Amino acid sequence: MALLGELELQDQRAAQRNPSRHYLTRPDLPNPQADTPWQHMYAAQNDHAFITTMGFDVDTFGLILQGFQAEWELTPIERSDVNPNGEPRLGARSLNAAGGLGLVLHYIHSCMTETSLQQIFGLVPATVDRYIQFGLRILDSTLASIPEACIVWPNGTKMAEYNSMIVQRHPLLQGAFGSIDGLKLPVQVPEDPMMENATYNSWTHGHYSNQIFVFGPDGECSIDVWLDILIFWEGVILDTILNAPSSWHDSHVALPVYEQLLHNTPEGSYLVSDTAFPQGTSCVSGKIKAPLKQGNHLSSNLLLRSEQLAFDQQLLSYRQTAEWGMHALRGAFGRLRVPLDVVGARRFLLLRVVVRAHNLRTTRVGINQIRSVYCNIWREGDGEEIWQGFASIMFGDLRKHDRVARFHTMAVEQDEE
C-alpha cells in the first residue's frame, strides 16, 4: 500500500510539473507485447488486412521478416547511453522483429500521425520515433538483399522484351521501353538557410524534393544518392535517383538518366515523356520522345502528316503509364503525401525503402493482380478523391481519409459490436 501511495504521489507531482503535457505515457497504452491492435491483426494472418495496412500479403511479409529478424536481433538500437558495438538486449525491447517490421510498414504505407501509431503498437512517443528510424535502416538493407526488390537498368535484350510488350498495344512505338516523368514531393521547411534555399521552388512557392520517374512493363532499378528518378513498366521501377533539391531544374536532375541513355541504351531504344520534360542535349537526341507541342510543324504531305499524328497519339497514350505509376506509388505509400522529413539523410532513406518495397510488391504479386486486387483495395480504403486529387487536397484531409488509420478504426468498431 505504501508503494502504491508513493507511485500515485509521483504521478501527481509529474502532472503538476507538466500541466500542458499532450502526449501518451505508458499507463495510457496497452501492453505492446500482448494486447494491441497490431498483435490482434498479426495473429489473424489475413491477407486483406496485411495488404491494406502494410502493402504486402502474409507470404511476402514473411519473406521480408526472414532477413529483417536476423538484423533486428543482432543490432543494438542506437541511443546516447548504449554501446553501438555491444550485445542487443532483446528482452528489454517493446517489440519483437515482426512488430518492428509491422511498425515500419504501417509508417511508410500511411500518412497517420505518430500518435495513431503509438496507439496501434502500444509505444510511447520516443520509442516510436527511435524504432521507426532503426527499422527503416534494417528494412533498407533487407530489401537490398532480395533480388525482386533490386533496381537495375535493363540491358538490350530486356529492352527488346519490354518493347515487344509495348507494341502489342501501341504498334507504332518501335523501340520504346519505358516512360519518364517528374514529381515533386513536399518537404518540411528547414531552419538552415542553405537547406531552405535548396528545397524552395519559386514557381510553386513551396519546399519540395524533386523526383523523376521512368516507368516500364517489367524490370528493375539502379540507384544514386542525390536525385529521384524512377523508371516503371508494369509498375516496376527500372531506375531511380533520390532526393534532389527542388531548386534544381529537371534537366540537371535527369543527368544520370541521360548518361544511362547515352552509354547503356542500344541505338533505336527510347523513353516516352510528356512535352514539358527536358529531352536532353544533342548527344541523347532521339532517346526521349514526347508528343507534339502546340506550334510544332507537321509535314505538308498528307500521308506523312497522318503518320505523324498517329505516332503522336500512341506516344500520348503510352505516356499515361507514368501517371499510373505516380498514382501507384503515392496511393500505396501514404507517407509520400505529407511533407517529408526535414533531415535529408532520413528523407533519402525513406524514399529508397519505398522504391525497393514497391519493386518487391510488384514482382512478387504481379502487375495484373496489383491492378485488379491491390489498387481496388487502396481505392476502396482511400476514396476516389484521394487518387484523383493529390495536388489539391489538404494534408488534414489526407490523414482523415488514410486507409490504414480507417482500417484500425473500423476494426475497433466491429469488435465493439
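Bear in mind that the values in this text are calculations on the coordinates, not laboratory data. Just so it is clear, the structure is predicted and the values come from calculations on it, not from any experiment. We place every Cβ from the backbone using ideal geometry, glycine too, and count neighbours over all the protein chains shown.
Of note:
- Over all pairs of different C-alpha atoms in the stretch 102-169, the reciprocal of the mean inverse distance, the Kirkwood hydrodynamic radius, equals 14.9 Å.
- Packing, as the average of other Cβ atoms within 10 Å across residues, places the peptides 294-302, 63-71, 200-208 in the order 63-71, 200-208, 294-302, highest first.
- The loop-placed GluC sites (Glu not before Pro) in the stretch 117-206, going by DSSP, that have at most 16 neighbouring Cβ atoms within 10 Å of their Cβ come out as Glu191.
- Sites listed here are trypsin sites (Lys or Arg not before Pro) in the stretch 142-214 whose DSSP assignment is loop and whose Cβ has at most 12 other Cβ atoms within 10 Å: Arg169.
- Euclidean distance between Cα centres, the stretch 30-46 to the stretch 315-339, Å: 32
- GluC sites (Glu not before Pro) within the stretch 253-318: DSSP coil, no more than 13 neighbouring Cβ in 10 Å: Glu267
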